[in-house]
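Read-outs throughout are calculated quantities, based only on the coordinates presented, and are distinct from any laboratory measurement. Keep in mind it's a predicted model, so treat the numbers as computed, not measured. A quick note on method: Cβ atoms are made from the backbone with ideal geometry, for glycine too, and the neighbour counts reach across all protein chains shown.
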Protein chains: 2
Amino acid sequence: MKEQSFIPPSRMLMGPGPSDVSARVLEAMARPTIGHLDPQFISMMDEIKKLLQYTFITSNELTFAVSAPGMAGMECCFANLVEENDKVIICKNGFFGERMKENVERFGGIPVMVNDDWGQKIDLNKVEECLKENPDTKIVAFVHAETSTGALSDPKSLTELAHNYNCLSIVDTVTGLAGVPLKVDEWNIDAIYSGTQKCLSASPGLSPISFSEAAKEKIMSRKSKVKSWFLDLNLIMSYWEGEGGRSYHHTAPINALYGLHEALLILKEIGIENSWKKHMDNHLILRNGLEELGIEYLVKEEDRLPQLNSIFIPDGVDDLAARKRLLNDFNLEIGAGLGVLAGKIWRIGLMGQSSNKKNIEHCLDSIKQVI
Amino acid sequence: MKEQSFIPPSRMLMGPGPSDVSARVLEAMARPTIGHLDPQFISMMDEIKKLLQYTFITSNELTFAVSAPGMAGMECCFANLVEENDKVIICKNGFFGERMKENVERFGGIPVMVNDDWGQKIDLNKVEECLKENPDTKIVAFVHAETSTGALSDPKSLTELAHNYNCLSIVDTVTGLAGVPLKVDEWNIDAIYSGTQKCLSASPGLSPISFSEAAKEKIMSRKSKVKSWFLDLNLIMSYWEGEGGRSYHHTAPINALYGLHEALLILKEIGIENSWKKHMDNHLILRNGLEELGIEYLVKEEDRLPQLNSIFIPDGVDDLAARKRLLNDFNLEIGAGLGVLAGKIWRIGLMGQSSNKKNIEHCLDSIKQVI
């Protein structure tokens, strides 16, 4: 075993995440560690909360970053909102719907699946049919921006539908946040989680999350304890919301939070609407370039995520060998297909800091040479 | 709200954690983020695994860092090892025993408490009595180094006792690892978790963890699914252990792992035995200085943790005001008392990078001025 400091290669990150992290965010993470109960650190946590409210466009009090990656954010939503025998409709149109099902089952809920093909957006009619057939449903859960396929669904209409049938909505926007329009309050979303390593371009390891008053009420009136101490919002609330001195819950990932704070500042400087526009503008440039190379998209135009471009691997190209060449000869990381799409598609991310003309140019040039 | 980069004050961290993080570790965390499936990142994860095996003194295959703080490491052990109606003896001699109880209950187990006073080590006789009275016990869980009191218990004898009664042991060494002797294989410990922000002096946010073959067998032969998807070791095993390409489980906290890698390298350069010795040597210097000031320890000499010095607040000193002065006028963070010891003790950490003569001198000088 070689025993020396790890010096990572310089990559251009254009896969499904992490995206390129800016020098400002890297520098922020290298600032001296201070205590998690230091008054200055607590002020910074308050600022992160406000910046996340800005990013989610919400005034939800219960808005913060879970001290673990996006998948823990998912688990935090399901662990807190699902009780024994609660029926939960899960709209599955890719890899992450299956994970939601696993979550519901582990917390004693009853998942009811509404399936759409991988690459399709979620079909509202099917969801409504399912709600009619299952009037005792408590929650409708779905993915806003499917990282496995690049398909965009409609959280506004899906949440409206859920509310029409007295359900709460749980929304996965791990890849969506800051990349496509999302208005948590205006769309009345009840619980939503994201990740830091996609369109926010911070390092992975934290999960921004937000809960409506209705969701908070359900959590506070639970009949049973949450089946996780680490993710129990009844405990975490007093950590992130406590006035004049927080109660100790766990030791926050100090330096990672420095990085998130800086990444959110950068986003606020750009402006959330401008961030959505940037992602769309750059997507169109990439799309034009890919089309010139004769490459086709998996998802039909109107349902495409600008920040995650799923394209069919051209005929005759060896998936693994081509991606290996991109990485080793061009320092370019793009994503492989997952599940049923493994070996069939590539996923090109244009997220956050990675969404810029230089990256697009390098990506198109490199792909041209390996296909 | 002021909207600017967060520049933390320069503190000397001598509380119960985090400890001072060295420039080398801070620099490591600021290196460019790469993908979590990048072959070079995976090699670094393999190195972390080997360095953790060195630190725990174990050849356990299932040794890695949970992608979340120490409390998630605790939850990972209990979530995976406890099944419905499993009886678990919890030795409680401080704050963290209570958290273990919460964990057992949430995963459907039956906690049986063995209580010792705060500041005492765990009494082996009481544990044996309890094991005799509860022959159907499956697990004995205890804290090696109680962060709330500074008391050291004896994992070797406690694990031996557990094994004599056909139980597995779960050991909390959040504050113990690298600060006091710990030999996971020689002492036959079954499951153990730690944190990065104590004697390892990395930033908080990760939880080093290790499981024996016996523990692994119990996990693989569970009758029910683990009540956490994020912490299910059956899934995480294939992420950290997968040969020739890992299966995707979650996005690892890339930059935090750079920091842990560097912190473990520093520890290996020092040598694990030398690290134990350093903590003891510096403890004795601090102790002598504190005794000269007429300050008394909570824990009796032979059971004291060298890395966490719990001392009685001198008569007439205002706890909060004194700690506030230490922080604001001397940039020195020390810890308050927790639970029944709040307002009665201070906790002075001498962990990892914070365990050095300069810190001790500054600490003694500062305390002298506020008492």
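Amide H contacts of residue A:92: A:114, A:115, A:116, each under 5 Å away and 5 or more positions distant or on a separate chain (H built 1.01 Å from N in the peptide plane; Pro and chain starts excluded). Other protein chain C-beta atoms within 10 Å of residue C-beta, averaged over B:255-266: 4. Using the alpha-carbon positions of region B:162-305, Rg (one decimal) and Dmax (whole number) come out as 18.8, 61 Å. Here region B:146-265 is assigned +1 on the Cβ of each Lys and Arg and -1 on the Cβ of each Asp and Glu. Its dipole about the Cα centre then comes out at about 420 debye. In nanometres and ascending order, the distances from the residue A:238 label point to those of the other copies are 4.0 (point 7 Å from Cα along Cα→Cβ). When +1 charges are put on Lys and Arg Cβ atoms and -1 charges on Asp and Glu Cβ atoms, the dipole computed for region A:23-267 relative to its Cα centre reaches about 380 debye. With Cα atoms defining each centre, region B:262-308 and region B:36-110 are spaced 25 Å apart in the structure.
Its Cα gyration tensor gives region B:112-213 an equivalent ellipsoid. The semi-axes, each the square root of 5 times an eigenvalue, are 24, 16, 11 Å from largest down. Partner aspartates and glutamates whose Cα lies under 16 Å from the Cα of residue B:198, excluding those fewer than 8 positions away in the same chain, are identified as B:20, B:146, B:172, B:262, B:333.
Considering region A:62-167 at the alpha-carbon level, its Rg and Dmax are found to be 13.2, 38 Å. Under a 5 Å amide H cut-off, with hydrogens placed 1.01 Å from N, residue A:87 pairs with A:110, A:138 among residues at least 5 apart or on other chains.
Over the Cα atoms of region B:310-371, the radius of gyration divided by the Kirkwood radius equals 0.95; this is the Rg/Rh ratio. For the protein assembly as shown, a crude dipole built from +1 on the beta carbon of Lys and Arg and -1 on the beta carbon of Asp and Glu, taken about the Cα centre, is about 640 debye to the nearest 20. Residue by residue along B:34-47, Cβ atoms of other protein chains within 10 Å of the local Cβ number 5 on average. Springs between Cα atoms under 10 Å define the GNM used for chain B, and in it the highest mean-square fluctuation of B:337, B:271, B:294 occurs at B:294.
The share of Cα pairs per 20 Å bin across the protein assembly as shown, counted from zero up to the longest distance, runs 18, 51, 28, 3, 0 percent. Legend: mean number of C-beta atoms from other chains within 10 angstrom of residue C-beta atoms, peptide A:50-57, equals 1.
Within region B:23-267, all pairs of alpha-carbon atoms sorted by distance into 10 Å bins from zero give the percentages 8, 33, 36, 18, 5, 0. Look at the dipole of region B:34-89 built from charges on Cβ: of B:37, B:64, B:78, the Cα furthest out on the positive end belongs to B:64.
For the set B:121/B:156; A:324/A:344; A:49/A:121, the pairs lying more than 19 angstrom apart at their alpha carbons are A:49/A:121.
Screening chain A for whole DSSP H helices of 24 Å or more along their axis (Cα) with average Kyte-Doolittle hydropathy at least 0.5 returns A:254-270. Comparing Cα centroids, region B:168-207 and region A:169-234 end up 32 angstrom apart. Using the Karplus relation 6.51 cos²θ - 1.76 cosθ + 1.60 with θ = phi - 60°, the per-residue 3J(HN,Hα) values for region B:297-311 come to 8, 6, 8, 6, 3, 6, 10, 7, 7, x, 8, 9, 9, 8, 10 Hz, with x marking Gly and Pro.
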